[in-house]
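Asker: The structure's right below; bear with me while I get my questions together.
The values are calculated or read from the model by the stated rules, or taken from the named source; none is laboratory data. Since the structure is predicted, the reported quantities are computational estimates derived from the model, not experimental observations. Backbone-built Cβ (ideal geometry, glycine too); neighbour counts: all protein chains shown.
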Amino acid sequence: MGAFKQAYLEDGGLKDYLEERIQSGDLNSMQIGIAKLVIDKGPDALSEKQRYHYDNFIIVEEDTADCYRCQCSFPSSEIYENDGMCSWCAHRSERD
Ligand SMILES: [Zn+2]
């Protein structure tokens, strides 16, 4: 778990976030069940398989950042390498 995600989970916004994800229509019925389980009992209650879905399909948006040049979303792990830009803009700015 990255530092960003850890901070996110600790600030108390997790439950609201999961409720938003349930409402979003992006999750299938199994993933909705997993999200509800986490709201009820916390992420520690998940089995290994449930945890996989949770980490990869339910908790997703906090791992992206918006590029300040083109406003696209990209993985937040790249923000440190590219100075707040997506890799495409980083390449462009090198050329400018
Ligand atoms: Zn960009």
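Asker: For region 75-86, state whether one or more residues are part of a strand (DSSP E or B) and within 14 Å of the chain's Cα centre (by Cα).
Answerer: Within region 75-86, the subset part of a strand (DSSP E or B) is 75.
Narrowing the set further to residues that are within 14 Å of the chain's Cα centre (by Cα) leaves 75.
Yes: region 75-86 contains one or more residues that are part of a strand (DSSP E or B) and within 14 Å of the chain's Cα centre (by Cα).
Asker: For region 73-86, how many residues meet the condition of being more than 29 Å from Lys15 (Cβ to Cβ) and either surrounded by 14 or more Cβ atoms within 10 Å (Cβ to Cβ) or at pLDDT 85 or above (or both)?
Answerer: 4
Asker: Can you find a residue that is assigned by TED's automatic domain parsing to the domain that holds Lys15, in contact with a His (Cβ under 7 Å, 6 or more places away or on another chain) and part of a helix (DSSP H, G or I) anywhere in region 41-57?
Answerer: No.
Asker: Filter region 65-92 down to the residues that are polar (S, T, N, Q), free of Cβ contacts under 8 Å to residues at least 60 places away in the same chain and either within 9 Å of the ligand (Cβ to nearest atom) or in contact with a helix residue (DSSP H, G or I) (Cβ under 7 Å, 6 or more places away or on another chain) (or both) and list them by number.
Answerer: Of the residues in region 65-92, the ones polar (S, T, N, Q) are 71, 73, 76-77, 82, 87.
Of the ones still in play, those that are also free of Cβ contacts under 8 Å to residues at least 60 places away in the same chain are 71, 73, 82, 87.
Within region 65-92, Gln71, Asn82, Ser87 qualify.
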